[in-house]
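Taking it in order: structure first as structure tokens, then the write-up.
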Amino acid sequence: MKRFRMVNAGGNAALILQITDTNGAIAEGCTVYQIALDGIYFDSAKPPRLGKTMLVPSAKADWLVVCNIPGTYELRSVKSPDDDVSMGGMKQYQGKLLTIKINGTQTSTVIPTSLPAKQSFVSDFRNLTEDEVTGRFVIEVGPDLTLNRERFQSNTNFRFVANLNTVQEWYIINTATSAHPIHIHVNNFQVISYNNYTGPIGAKVMENKVFFDQNKQQCDRQYENFNKSIQAMLPDNDYNKWLKYRGHAQRWRDMESYPNGTLGYSPSGIFQDVILVPPFSNITIRFRTDRFIGTVVIHCHILYHEDQGMMMVTKIVPAGANTDGAHIKSGDAYPGQCSKCDPFPFNQVVGECSGSRRKHFNIIILVTGVLATFILFIVTE
């Protein structure tokens, strides 16, 4: 039995990891058990969901690999066209990463039933009451390589401020027509749910980013320095992508019963520090602001996108300190807004329209599990 500790250190493609024979078929002589993701142990060692592990750029995974039959095997990234919708068109690397040679005689190996204890900051946040959640925020992925409708400005332009040792509930939404792996520094977060997407559709019109509602009408809430002379309808190509990708919440809720095509989704309960956000998705995460104060960087981990400014910063301040002064809005728009009546986040009142409170999302709880000599993959195309 060997431990594989793997990280996708490439900058633009996801890895879909499997152990195969030399012809690319699933290896009958090797068994894989996943025990950790992004440095956080699972409750128990289990085969990867759907028999393979997806790693977007910067994601980490730990496997235990048992090959009881001598022979030559390969660790490969195998493209999965069936998962295009859940992965939102994210580029997938295809190719051999490692050759594995097993010598000796056939054996039988017992996999450990218990794993090391999780870190002290890892708690199950799925069943908290509303009063136990202190801060709420929205990370909005937008067109033109923006986060919260703007490109990176400075390391002091804080888009949100949170107190230390509080439980945060954030929503990550994607208004754009392509997927992005969003990386949040400092604190691992727990995936709570995928929610119905009620937000705007972002598109490029005449070289300007413009936000539209789901009926193709231009939103009245845009962003700072928006050219108000623009009056447009959502282009058909962008609307067709909306039709293609919508429905993530239902597919996520059904993925245990109908798993085909759902590799791009993260099961409820696991902890990550980077998550693939497909087009027109809305994902609830929770985490504790543990131990560290200061700047928290949030960015797309496709390196070209990050270099173009798809990045922003938030801040953690000591417990009890003032959290005012964050640059949450872009112009007159909160992230996720199309109309002035749209709540921010999605279960709060922004105060511009009476009776605008939206019901909490129904949370569907699914539990899964995912071990592994250090292997560093650098994959570029």
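The values are calculated or read from the model by the stated rules, or taken from the named source; none is laboratory data. Note that this is a predicted model, so its numbers are computed, not measured. Note that we place each Cβ from the backbone using ideal geometry, even for glycine, and neighbour counts take in every protein chain shown. Areas reflect the complete protein model, heavy atoms only, side chains present, ligands, DNA and RNA absent. Shrake-Rupley method; radii C 1.70, N 1.55, O 1.52, S 1.80 Å.
In the stretch 125-174, the portion of solvent-accessible area held by carbon and sulfur atoms comes to 42 percent [1.4 Å probe, whole percent, DNA, RNA and ligands not counted]. Using the empirical formula 2.2 N^0.38 Å as the baseline, the Cα radius of gyration of the stretch 1-117 reaches a ratio of 1.07. Note that the stretch 232-357 presents 41 Å² accessible area per residue, ligands and nucleic acids not counted, probe 1.4 Å. A simple spin-label model places pseudo-atoms 7 Å from Cα toward Cβ; at Asn103 and Ser339 they are separated by 7.1 nm. Counting only DSSP H runs of at least 4 residues, each contributing -39500 (n - 2.57), and dividing by the residue count of the chain, the helix-based mean residue ellipticity at 222 nm comes to -1500 deg cm²/dmol.
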